[in-house]
Amino acid sequence: MNDLLQILIAGLTVGSVYALIALAFTLIYSATGVLNFAQGELAMLGAMLGVTILGDLSWAYVPGLIAVVVIAALIGAAYAEVVIKPLRRRRARLDIIIVATIAVSLLFRYGAERIWGTGEFAVPAPIKGSAVTFLGARINPQSFLVIGVTAVALAAVWIFLQRSTTGRTFRATAYNEQAATLLGISPARVVTLVLMLSAALSALGGLLFTPISFASAYIGLALGFSGIVAAIVGGLGNPAGAVVAGFGVGVIEAFAAYHVTGWQGAVVFGVLLIVLFARPSGIMPGRLALREG
Amino acid sequence: MQPARRVRATVAILLSIILLAAACGDDGDEGVTASPDNNGAAGQDSTDGGCEGKSGEIKIGYVGTLSGPASFLGEAPLRGAELAVKELNDAGGVEGFTFSIVSQDDELDPAKGVAAAQRLVSQDQVDVVVGAAHSGVSQAMTEVTEQAGVPQISPLSALNPLTDPVKPYFFRFWNKDAVIADTLAEFSIENFDSVGLLYETTAFGQGGKDALTAAFEEHGEQLVAAEAFDLTAQDLTPQLSKLRSAGAEGIIVQSQGPQAALTARNLEQLGYDARIIGHPGLAQQGFPTLAQGAAEGSIVIDGLDRDKEATQEFIEAYEAEYGEEPFSFYPATGYDIVHLIGEALTNVDCDVDKLRDGMEAVDGFQGVVGRDSAEISYGSDDHDGHGADALIFKEIRDGQLVPFEG
C-alpha cells in the first residue's frame, strides 16, 4: 500500500476545488478590489444545481456540467448587475461592498436551504466502476476527473487572460482602471464579465467535487474559507499564486490529517502563517500579480 | 415644560426601581413555577384523594432540532410523542388527564434551546419539558427548567455529566456515554481482532474517544489507532489510510450519519474492507441513504427489538400514522416518554405540581425501547434512564437495520 501517493492524490483532489475557488476570488479582487466573501456559496450553488440537473433530472454528465456552469455564470452576471455595479456607481467604499458580499453569501445559503432543504445529497458519479490501482495506491476515478477538468479549466482561463482581446482588456482594467477607461475599455463590462467567469469557476469546483463527498446548502462556508485563505497566501490578485496555494492547502490538509490527527486545522493554519511571515505578499513573485497591492 | 419633564423622569425612575425590586423578589420566590392551572390548586385541597374527581390537561413542551441538517434529531422523537398523545387522548387520557404538545425548534444551538425552554415555561406554562436531543442543548436548558421547577426529560442526550451530579428536575431517557462506550468496546473486542477509532474534532467526538480508550483499557485491550477529522472535511482518505496501515478490521465511527456515510464511501473507494461500528447516533436513515450502498454490512447500535410485542405494536401504529416504518428507535423515545409522564402522574395521585416526584417514583417502567428485560427506574439519586439492556446491535442490509448476525 502506497499511503504517500494515496494522500497526495486525495490532497490534490480537494486542492482542485480550493484552487478553482481561490482563482475565482482573486480574479474578482483584481478587477474590482472587492473581496467576495460569497465565493464559497457560489461553489455550493454549483453543487446543488448538480443535485437537481444531474440527479433529479438525470441529464448526462457533460451537458449537465455545461448547464450548471452557464446557470452559475448567469447568477454571477445578476450578482454584478444587482449588487456590485450599483454600489460602485454610488461610489460606495470598498468595505461597504465587501459587507454586501457577506450579505449575498447569506442570501445564497438561506435561499439554497429554502429550495433544496436542509439535508445532504449524494450526487451520482459520472464515471462508474471501481477504484484503479496505481503505483500501490487505490485511486477513485472521480479524482482523475476532478484534477483533469480543473487543469483544463485553469489552462483555459490562462489562455483567455493572456491571448484573447477580452482577456487583455480585463488585465488592463485590473492593472490600471483609469488608464484602461481612457483607452476606451468599459470597466462596467469587465466587472460583469469577471463575475460571470468567477461564478462559473466556483460552481465548477463545487460540482466536480460532490460525487466524492456530499452536497448540502451548508458546504459553502468551509469551501470558501479554504479557497479564500489560498487566494491570500497565493498573493491577492495573483492568479497563478492562487492556484498553487489552492493545491497546496489541499495537500497540507491531507498530510496533516494523516500525520497529526486532531490538530490538522491548527497545523494547516500554522504552516500558512509561517509562509505569510516569510513572504508577506504571498508565495508568488509580485510581477505576476494582476493588480498592484 | 422643564419642571414637568423632571417630574415625569423622576416618576419613571421610581417606577423602574419598584419594578426591578419586584422582579428580584420574584427570583427567590417559589411562586414562579409552571403550572398555575386549576388542577394544581384542586390537588392541594385533596392530597390523599387519589386521582378521583381530578381531570385536566398535561401540557408537554417539546424542544428539539426541527430545522437544519440535524432536523431528524428533533423530528423523530416528536413524531413518536405526537403518536402517543393521539393514542392516549383517543382512549380518554390517563386517569382523566389528556395531553397536548407545544413544540419549539432549538436549531441545534444551546442559546436557542434556552430561549425555547424559557418560552415554554413562562409563556406556554407547560407542565413538563421534553428535550433536547443534543447534550449541549439539554445541558443549557437545565438552567431554565431547574430555576422554574419544571421536570425536563431528554430523549437522547448521553453526555455523562448531565446526571452526575443529579439535578433535581432533569431526567434522561436514554443511555449515558459511559455505558454506550463500554458496550461498544465489549462488542468490538468480541467480534474483531483489531479495532480503530475515527472521531470528529468536537466535544462529542473527543469525549467519545476518551470514554472508548478507557473502556478498551478496562477490558485489557487497546484501539490500534484513533484518527480525528474536522466536521467540514470533504474526504477521509488520509485518516482511513492510517487506520488501514494500523491494521484495523473494525472502525468505530464517533460522529454523525453524513460523516459515517462519507467513511463508508471512502472505505469502498480505497478497497479497504473494514466494517464500520457505530454508536446510536448513527442509527439514522441518512447514513445508508447517503452512502449509496456503501453502508451495507455496517454495524450500528439501535434501541428496537422487533421481536418484542410492544415494539411490534408501536411500529404498526407508527406506520398507520405516518405511512412508513420508523428507521430506528428515535421515534420510540418520544412515544415512551409520554407514557413515562403518564406513569409519573399516577404515581403522585394526579397532582400535576408534583410531577417531578412522580418521575423519581417511576419503578420498572417498560416501554417500546429496548429488549424485553429493559426497564427504567428513577430514584432521588438516579436520574439515568435505560441501561445496556436497551442497546441492540444491528447491521445494515438493503438499507435497513436488521439484527446483527456476525
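Say we look at the range B:59-76 and pick out the residues that are assigned to a helix (DSSP H, G or I) and aliphatic (A, V, I, L, M); which of these is nearest to residue B:328 (Cα to Cα)?
Residue satisfying both the conditions and the ranking: B:76.
Tell me, which residue of the range A:144-163 that is aliphatic (A, V, I, L, M) and within 14 Å of another protein chain (Cβ to nearest Cβ) is surrounded by the most Cβ atoms within 10 Å (Cβ to Cβ)?
Out of the qualifying residues, it is A:146.
Pick out the one residue from B:67, B:71 that is hydroxyl-bearing (Ser, Thr, Tyr), surrounded by fewer than 19 Cβ atoms within 10 Å (Cβ to Cβ), within 14 Å of another protein chain (Cβ to nearest Cβ) and without any contact (Cβ under 8 Å) to a residue 12 or more places away in the chain.
On inspection, the qualifying residue turns out to be B:71.
Looking at the range B:224-278, which of the residues that are surrounded by fewer than 22 Cβ atoms within 10 Å (Cβ to Cβ) and of a type in the set (Val, Ile, Thr) is nearest to the other protein chains (Cβ to nearest Cβ)?
B:232
Looking at the structure I just gave you, is residue B:155 under 19 Å from residue B:388 (Cβ atoms) and of a type outside the set (Val, Ile, Thr)?
Yes: the conditions hold for residue B:155.
Identify all residues within the range B:125-136 that are modelled with pLDDT of 95 or more and either assigned to a helix (DSSP H, G or I) or out of contact with any Asp or Glu (no Cβ under 9 Å at 6 or more places or on another chain) (or both); write none if there are none.
B:126, B:128, B:129, B:130
Restricting to the range B:239-290, what's the tally of residues that are in a helix (DSSP H, G or I) and either closer than 23 Å to residue A:3 by Cβ or not small (Gly, Ala, Ser) (or both)?
Qualifying residue count, the range B:239-290: 25.
Might you check whether a residue that is surrounded by fewer than 19 Cβ atoms within 10 Å (Cβ to Cβ) and touching a Phe, Trp or Tyr at 6+ places or on another chain (Cβ under 9 Å) occurs anywhere in the range B:380-387?
No, the range B:380-387 has no match at all.
Quick check on this structure: which one of A:213, A:226, A:202 is part of a loop (DSSP other than H, G, I, E, B) and either facing chain B (nearest Cβ under 9 Å) or buried (at least 24 other Cβ atoms within 10 Å of the Cβ) (or both)?
Just a single option satisfies the conditions, and that option is A:213.
Just one of the numbered conditions (1) closer than 25 Å to residue B:394 by Cα; (2) in contact with a Leu (Cβ under 8 Å, 6 or more places away or on another chain) is not true of residue B:201; which one?
Just one mismatch for residue B:201, condition (1).
So which of B:320, B:295, B:310 ends up being over 22 Å from the mean Cα position of the chain (by Cα) and either closer than 19 Å to residue B:263 by Cβ or surrounded by 15 or more Cβ atoms within 10 Å (Cβ to Cβ) (or both)?
B:295
Kindly establish whether residue B:333 is of a type in the set (Val, Ile, Thr), closer than 22 Å to residue B:68 by Cβ and buried (at least 20 other Cβ atoms within 10 Å of the Cβ).
So residue B:333 passes the test.
So, of the residues in the range A:238-259 that are more than 14 Å from the chain's Cα centre (by Cα) and aromatic (Phe, Trp, Tyr), which turns out to be farthest from residue A:14 (Cα to Cα)?
Only one residue tops the list, namely A:258.
Of all residues in the range A:229-266, which are hydrophobic (A, V, I, L, M, F, W, C) and not in a helix (DSSP H, G or I)?
A:236, A:260, A:263
Of all residues being closer than 21 Å to residue A:6 by Cβ and buried (at least 18 other Cβ atoms within 10 Å of the Cβ) in the range A:263-275, which is farthest from the other protein chains (Cβ to nearest Cβ)? Just the residue, please.
It comes out as A:268.
So is residue A:153 in contact with a Lys or Arg (Cβ under 6 Å, 6 or more places away or on another chain) and either small (Gly, Ala, Ser) or on the phi < 0 side of the Ramachandran plot (or both) or not?
No.
Which residues, taken from the range B:92-116, are hydrophobic (A, V, I, L, M, F, W, C), touching a strand residue (DSSP E or B) at 6+ places or on another chain (Cβ under 6 Å) and not in a strand (DSSP E or B)?
B:116, the sole residue that qualifies.
Right, residue A:221: surrounded by fewer than 23 Cβ atoms within 10 Å (Cβ to Cβ) and within 17 Å of the chain's Cα centre (by Cα) or not?
Spelling it out, residue A:221 is indeed surrounded by fewer than 23 Cβ atoms within 10 Å (Cβ to Cβ) and within 17 Å of the chain's Cα centre (by Cα).
Restricting attention to the range A:115-143, and to residues there that are more than 11 Å from every other protein chain (Cβ to nearest Cβ) and assigned to a helix (DSSP H, G or I), which single residue is surrounded by the most Cβ atoms within 10 Å (Cβ to Cβ)?
Selected residue: A:116.
In this structure, is residue B:180 over 22 Å from residue A:264 (Cβ atoms) and surrounded by 21 or more Cβ atoms within 10 Å (Cβ to Cβ)?
Judged against the criteria, residue B:180 is a match.
Pairs please, first residue from the range A:72-89 and loosely packed, with under 14 Cβ neighbours inside 10 Å, second anywhere and not aromatic (Phe, Trp, Tyr), Cβ atoms under 8 Å, 6+ apart in sequence or on different chains.
A:74/A:196
Those residues that are on the phi < 0 side of the Ramachandran plot and free of Cβ contacts under 8 Å to residues at least 24 places away in the same chain, I need them from the range A:44-69; list them, please.
Result: A:53, A:56, A:57, A:59, A:60, A:62, A:63, A:64, A:66, A:67.
Within the range A:231-252, how many residues turn out to be farther than 22 Å from residue A:171 by Cα and either surrounded by fewer than 24 Cβ atoms within 10 Å (Cβ to Cβ) or out of contact with any Ser or Thr (no Cβ under 6 Å at 6 or more places or on another chain) (or both)?
Matching residues across the range A:231-252 total 5.
Being small (Gly, Ala, Ser), within 23 Å of residue B:262 (Cα to Cα) and away from chain B (no Cβ under 14 Å) narrows it down to one of A:58, A:30, A:105, so name that one.
So the residue among A:58, A:30, A:105 that is small (Gly, Ala, Ser), within 23 Å of residue B:262 (Cα to Cα) and away from chain B (no Cβ under 14 Å) is A:58.
The values are calculated or read from the model by the stated rules, or taken from the named source; none is laboratory data. What you see is a predicted model, and the numbers here were worked out from it, not measured in a lab. Here Cβ is always computed from backbone atoms with ideal geometry, including for glycine, and neighbour counts include all displayed protein chains.
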